[in-house]
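Chemist: Dropping a structure here in structure tokens format, bear with me for questions.
Bear in mind these aren't lab numbers, they're just calculated from the coordinates by the rules spelled out. All figures in this text were calculated on a predicted structure; none of them were measured in a lab. Neighbour counts run over all protein chains shown; Cβ positions are idealised from the backbone, glycine included.
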Amino acid sequence: MITDYFNIDDLLTEEHKLIRNSIKSWVDKEVIPFIDKANHKHEALHHLTKQMGELGALGSFIPEKYGGAGLDQIAYGIIMQELERGDTAIRSTASVQSSLVMYPIYEFGSEEQKLKFLPKLATGELVGAFGLTEPNHGSDPGSMESKFTDEGDYYLLNGAKMWITNAPICDLAIVWARNEEGKVKGLIVERGMEGFTSPETHRKWSLRASVTGELVFDNVKIPKENLLPNISGLKGPMMCLNSARYGIAWGAIGAGFDCFNTALQYSQERKQFKKPISSFQLTQKKLAEMLTELSSAQLMALRVGQLKNEEKATPSQISMVKRNNVNTALKVARESRQILGAMGISGDYPIMRHMMNLESVITYEGTHDIHLLITGLDITGIPAFK
Ligand code: TGC
Ligand code: FAD
């Protein structure tokens, strides 16, 4: 098995390595033996969320005062990498909870909101969701239609969000909607509020061990203390996305290496024409190119992590690494599947499952093309998406 061609371990702290080993052992024991069946049955492994809380994998970068683990950004990345080696669905739950629910409450919330929600989100006692995408607005969230009005004692929320990870099972959702002045604001919508429903989206061929759904608001009364007070504008959800996209860049490495190592081992064992298929030049070309691209993805993720630790990472750098690393993992999954021949489509191996999952990852948190255009804007100063 090869996972570190450039001795990146030498750049990690002992704490980083300990964290990686503990998440890796947990994934080997609690995720890998059960995940193929969960995908076939289109069922989520909900009981894993609390276990991730015990491991410190929910809100790892949130200060300990609020129940987080108080770890740095590289530790967060390593956690996402190891979780996604198991399955994207597991990493998705951890990234939504950490970057899209705990992060906005921590960055934009009142002290009361932080104390009320963060410790229970950190343990997994509460499950959160993040509502930005709408039926008519995916890549262009700035045109969102969800809105709320000030009714004196409370806000009245109307609208709908679509394709929301963990919507059907969430206890609370961070929902982005416009106020009467047209400003985008964040609201904490809690399960049980009248008029709030969250139907499940069925028949997915990707992320089958994750629950996806809608968030529907029909005259939902939101207590005024549930408005996130310290943010206004699209910048709010976009800052959350910076954190989640960074984690995804690491997560993709985990899925990619799982495919690569499966293909490497298979190619050494499988014989055709009386020789291991790893001895053929075309197989070696595939393996060499995959390892080159995965190593480059690792180095990019680590560097963005260092910049994030110094609060210097730009949104465009994060877009570039999310796009590059997810695309790399998807290409590696496709090449690895070919090395296994027919066996590549079997649930006996993880490759096809990772490939199908990565087809969502290349779309969510900003599509492959939107991230390219963000880089284009950064280079030229011209937004080509408008
Ligand atoms: P634009 O006019 O460029 O910006 C509006 C305001 O937002 C600010 N901003 C950012 N701030 C921080 N970080 C970023 N990355 C930011 N991007 C924009 C910007 O400075 C401006 O602020 P201000 O103060 O001047 O008003 O916005 P636009 O409407 O032109 O859109 C730009 C675009 C297309 C790049 C952006 O909207 C985009 O990235 N679209 C993709 C949407 C997306 O990623 N959706 C993800 C939904 S969540 C999800 O998929 C979760 S999956 C989770 C899982 O299961 O793991
Ligand atoms: P569209 O925006 O309609 O794009 C369709 C195609 O058009 C894409 O190829 C896109 O690149 C292209 N395109 C769009 N605009 C341009 C342009 N200007 N120039 C060039 N090409 C363009 N959202 C949340 O808010 N919360 C979640 O928890 C969440 N979880 C998700 C889970 C899953 C499994 C999936 C699949 C999605 C999830 N999403 C979530 C939604 C996700 O963020 C959106 O699907 C994504 O942002 C793209 O939006 P869209 O699907 O509406 O595609």
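Chemist: Gain in length, residue 54 to residue 270, computed as 0.36 nm per residue apart minus the alpha-carbon separation, to one decimal in nm?
Modeler: Values: separation 216, 0.36 × 216 = 77.76 nm, distance 4.04 nm.
Difference between extended and current length: 73.7 nm.
Chemist: Most fluctuating residue of 214, 181, 289 in a GNM of the chain with Cα springs under 10 Å: which is it?
Modeler: Its mean-square fluctuation being the largest, the pick is 181.
Chemist: If you add up the charges near residue 37, with Lys and Arg at +1 and Asp and Glu at -1, over every other residue whose beta carbon is less than 13 angstrom from its beta carbon, what do you get?
Modeler: On the way: positive: 41, 208, 353; negative: 36, 43, 87, 348.
Within the 13 Å Cβ shell, the charges total -1.
Chemist: Compute a Gaussian network model of the chain, connecting alpha carbons closer than 10 Å, and tell me which residue from 160, 288, 122 fluctuates the most.
Modeler: 288
Chemist: Arranged from highest to lowest average of other beta-carbon atoms within 10 Å per residue, in what order do the peptides 39-50, 321-332 appear?
Modeler: Sorting 39-50, 321-332 by mean packing, highest first, produces 321-332, 39-50.
Chemist: When the chain is treated as a GNM, springs tying every alpha-carbon pair under 10 Å, which of 124, 195, 247 comes out with the largest mean-square fluctuation?
Modeler: Taking springs between Cα atoms under 10 Å, the residue moving most is 195.
Chemist: What are the extents of the Cα atoms of the chain along their three principal axes, in Å, largest first?
Modeler: Projected onto its principal axes, the Cα set of the chain covers 79, 46, 41 Å.
Chemist: Can I ask one more? About its Cα centre, what dipole magnitude does the stretch 56-103 give when the only charges are +1 on Lys and Arg Cβ and -1 on Asp and Glu Cβ, stated in debye to the nearest 20?
Modeler: Values: 3 positive and 5 negative charges, 17 e Å.
So the dipole magnitude of the stretch 56-103 works out to roughly 80 debye.
Chemist: By Kyte-Doolittle mean hydropathy of at least -1.0 and Cα axial length of at least 27 Å, which whole DSSP H helices of the chain are selected? Write out the running numbers ahead of the final one.
Modeler: Numbers: long enough: 235-269 (51 Å, 0.03); 281-309 (42 Å, -0.14); 315-339 (36 Å, -0.64).
Correct list, ordered by number: 235-269, 281-309, 315-339.
Chemist: Nearest 500 deg cm²/dmol is fine: what mean residue ellipticity at 222 nm does the chain get from its DSSP H runs of n ≥ 4 alone, each adding -39,500 (n - 2.57), divided by its residue count?
Modeler: Numbers: 12 runs with 185 residues, N = 386.
Estimated from H runs of four or more residues: -16000 deg cm²/dmol.
Chemist: Only four residue types carry charge here, +1 at the Cβ of Lys and Arg and -1 at the Cβ of Asp and Glu. Report the dipole size of the chain about the Cα centre in Debye, rounded to the nearest 20. Walk me through the numbers on the way to the answer.
Modeler: Details: 42 positive and 46 negative charges, 277 e Å.
Dipole magnitude for the chain comes out near 1320 debye.
Chemist: Just to confirm a number: summing +1 for Lys and Arg and -1 for Asp and Glu over residues other than residue 70 whose beta-carbon lies under 12 angstrom from that of residue 70, what do you get?
Modeler: With Lys, Arg at +1 and Asp, Glu at -1, the neighbours total -2.
Chemist: For the stretch 123-251, take the convex hull of the Cα atoms, compute a quarter of its surface area, and give me that in nm², please. Don't skip to the end; give the middle numbers.
Modeler: Numbers: hull surface 34.3 nm².
The directionally averaged projection comes out at 8.6 nm².
Chemist: Would you mind ranking 3, 197, 212 by Cβ crowding within 10 Å, fewest neighbours first? Kindly include the intermediate steps, with their values, before the conclusion.
Modeler: On the way: 3 20, 197 14, 212 24.
With the fewest neighbours first, 3, 197, 212 line up as 197, 3, 212.
Chemist: With θ taken as phi - 60° and the coefficients 6.51, -1.76 and 1.60, list the Karplus ³J(HN,Hα) couplings across the stretch 195-212 in order, rounded to whole Hz; mark glycine and proline as x.
Modeler: x, 9, 10, 8, x, 7, 8, 9, 6, 7, 9, 9, 6, 6, 9, 10, 8, 10
Chemist: Using the Cα centre as the reference, give the magnitude of the dipole from point charges on the C-beta atoms of the stretch 8-127 (Lys, Arg: +1; Asp, Glu: -1; all else neutral), rounded to the nearest 20 debye. Walk me through the numbers on the way to the answer.
Modeler: Values: 13 positive and 18 negative charges, 72 e Å.
The dipole magnitude comes to about 340 debye.
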